[in-house]
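Trainee: Below are the structure tokens for one structure; questions will follow.
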Amino acid sequence: MPIQIADLELAVRNAFPVTHLEIEDQSSGCGESYAIFLVSEVFEGKTTLARHRLINETLKEQIAQMHAFSQKTLTPKQYNAQLAKGN
Amino acid sequence: MLRSVLQTPSLSARTALSSSLRSPAFRRFLSQEARAKIQAAVEESPVVLFMKGNPQMPQCGFSRAAVQVLEMQGVPPEKLRTYDVLEDSELRSGIKEFSEWPTIPQIYVNGEFVGGCDILLGMHTSGELASLLEQHNVIPKTEPSSEPSS
């Protein structure tokens, strides 16, 4: 069974606090390629590599079934700064 | 040759794999020999990119993007080594276990894992990638511009 957005959302929300979450199926609904944008306080003090490893570990079972996976991670402070800039 | 080392594991390796399958902390088996070969590969050149396809004919958008970023950074061909994981399924899975990173492409600078496409693009945008490449003498250091006298 292909990965569903709900599967990814559940796994993320069960792992750590979520300030903002966007999940996009980039394979026209086939569930083979996803992009995720996650804002969480858990990323405070972590390098980008460490953040991505955290997500990779959290979603490792799902990622293993995908053709492609892309992610963007921000802390709430970074996200708010981005919003303030109008991005 | 990297390919031959990553082919079918020996009987003892398969036994070890069978045993580790019962472990709740199971990780796919990567022999010491295979790990050593991959280690040698990532250290072979100042910049090493494991990708789908090759720089002339990337086989996926993320690999293409990685190549383009390195080109934009001015990484000279003689300092870049690429491996096409589509030509070697054992390498494709082995490099993921080696780096504990689940996707391709993967980039290494001076033998150290840097990240995948997302990280590479982010570092390119922020200027971190240029700094890293300059630090390891992959690209020339940029001279600070001096203010013209008035």
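The values are calculated or read from the model by the stated rules, or taken from the named source; none is laboratory data. The shown structure was predicted, so the numbers you read here are calculated from the model rather than taken from an experiment. FYI the Cβ positions are ideal-geometry reconstructions off the backbone, even for glycines, and counts take in every protein chain you see.
Trainee: Just checking: which of the strands (runs of 3 or more DSSP E) contained wholly in segment A:9-87 hold 1 or more residues that are more than 14 Å from chain B (Cβ to nearest Cβ)?
Mentor: A:20-25, A:33-39
Trainee: Go through segment B:115-138 residue by residue and tally those that are among the β-branched types (Val, Ile, Thr) and either under 12 Å from residue B:51 (Cα atoms) or surrounded by fewer than 20 Cβ atoms within 10 Å (Cβ to Cβ) (or both).
Mentor: 1
Trainee: Anything in segment B:88-126 that is free of Cβ contacts under 8 Å to residues at least 12 places away in the same chain and away from every other protein chain (no Cβ under 12 Å)? List them, or say none.
Mentor: B:89
Let's see how each residue does on (1) closer than 20 Å to residue A:70 by Cα; (2) of a type outside the set (Phe, Trp, Tyr); (3) more than 14 Å from chain A (Cβ to nearest Cβ); (4) under 12 Å from the mean Cα position of the chain (by Cα):
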| site | (1), (2), (3), (4) |
| --- | --- |
| B:39 | no, yes, yes, yes |
| B:44 | no, yes, yes, yes |
| B:47 | no, yes, yes, yes |
| B:52 | yes, yes, no, yes |
| B:74 | no, yes, yes, no |
| B:81 | no, yes, yes, yes |
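Trainee: With respect to residue A:6, is the statement that it is among the small types (Gly, Ala, Ser) and in a helix (DSSP H, G or I) true?
Mentor: In short, yes.
Trainee: When you look at residue A:3, is it among the β-branched types (Val, Ile, Thr), under 25 Å from residue B:65 (Cβ atoms), free of Cβ contacts under 8 Å to residues at least 60 places away in the same chain and within 14 Å of another protein chain (Cβ to nearest Cβ), yes or no?
Mentor: No, not satisfied.
Trainee: Can I ask one more? Filter segment A:17-35 down to residues that are more than 11 Å from the chain's Cα centre (by Cα) and free of Cβ contacts under 8 Å to residues at least 40 places away in the same chain and give me whichever is surrounded by the most Cβ atoms within 10 Å (Cβ to Cβ).
Mentor: Result: A:31.
Trainee: For segment B:1-99, which fully contained helices (runs of 4 or more DSSP H) count at least 1 residues that are of a type in the set (Lys, Arg) and modelled with pLDDT of 90 or more?
Mentor: B:89-99
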